[in-house]
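Chemist: Take a look at this one; I'll ask things after.
Each reported figure results from applying straightforward, stated rules to the coordinates on display, with no laboratory input. Keep in mind that what you see is a predicted model, and the values were worked out from it rather than measured. FYI the Cβ positions are ideal-geometry reconstructions off the backbone, even for glycines, and counts take in every protein chain you see.
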Amino acid sequence: MAINVQQIDPLDLTPFVGVGVDLPFSGTAVFNTTYQTKDAIKANLINYFLTNKGERYLNVNFGSDIRLLLFDNITQEKLERIKNTVEEEIKTYFPRVRQVEFQINSSPDTNLVTVHYRYRIVNTNIEDEVVINIEQ
């Protein structure tokens with residue numbers, strides 16, 4: 001019988017210590033704190049998908065540029081190009097994240113782009129997903 005060992009991030013062992021900032025920014029003191037690494041990773045992935053390249057100060061290559069699709073012709077070729085770019089960049093910016101499923105669907109008539117990203121955190125049994133609907 002195999003035993004599935006799960007590693008716990010050392011930051012998660014200290015209660016009441018924040019490890020990140022949650023989205024949206026609507027807490028009582030503007031920022032909501034995340035107290036577990038899995039929540040911080042999810043918030044960082046959402047931040048990545050909603051950021052365009054050039055927006056992040058001192059890291060101008062960070063971001064997915066998906067919001068720019070809404071102001072351009074949405075073609076299957078363009079969706080595939082962005083999907084391939086995002087897959088490579090997530091390996092760079094999020095080394096603890098392994099892609100399970102990634103889909104970008106569009107509805108050109110309504111200027112709607114849906115991003116569905118299912119991922120697994122390395123060395124844990126944690127699997128989660130990010131679903132973002134971007135519309136004009």
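Chemist: Calculate I(q)/I(0) for region 17-135 by the Debye formula, one identical point scatterer on each C-alpha and no solvent, and give its log10 at q = 0.19, 0.21 Å⁻¹ to two decimals.
Modeler: Result of the Debye calculation: -1.11, -1.29.
Chemist: On a straight-distance basis, which aspartates and glutamates could pair with LYS42 in a cross-link, Cα separation under 17 angstrom, same-chain partners fewer than 8 positions away excluded?
Modeler: Here the aspartates and glutamates satisfying the reach criterion relative to LYS42 are ASP9, ASP12, ASP22, GLU87, GLU89, GLU101, GLU127, ASP128, GLU129.
Chemist: Grab the other residues whose beta carbon is less than 11 angstrom from that of PHE62, score K and R as +1, D and E as -1, and report the net.
Modeler: On the way: positive: LYS53, ARG56; negative: GLU55, ASP65, GLU89.
That works out to -1.
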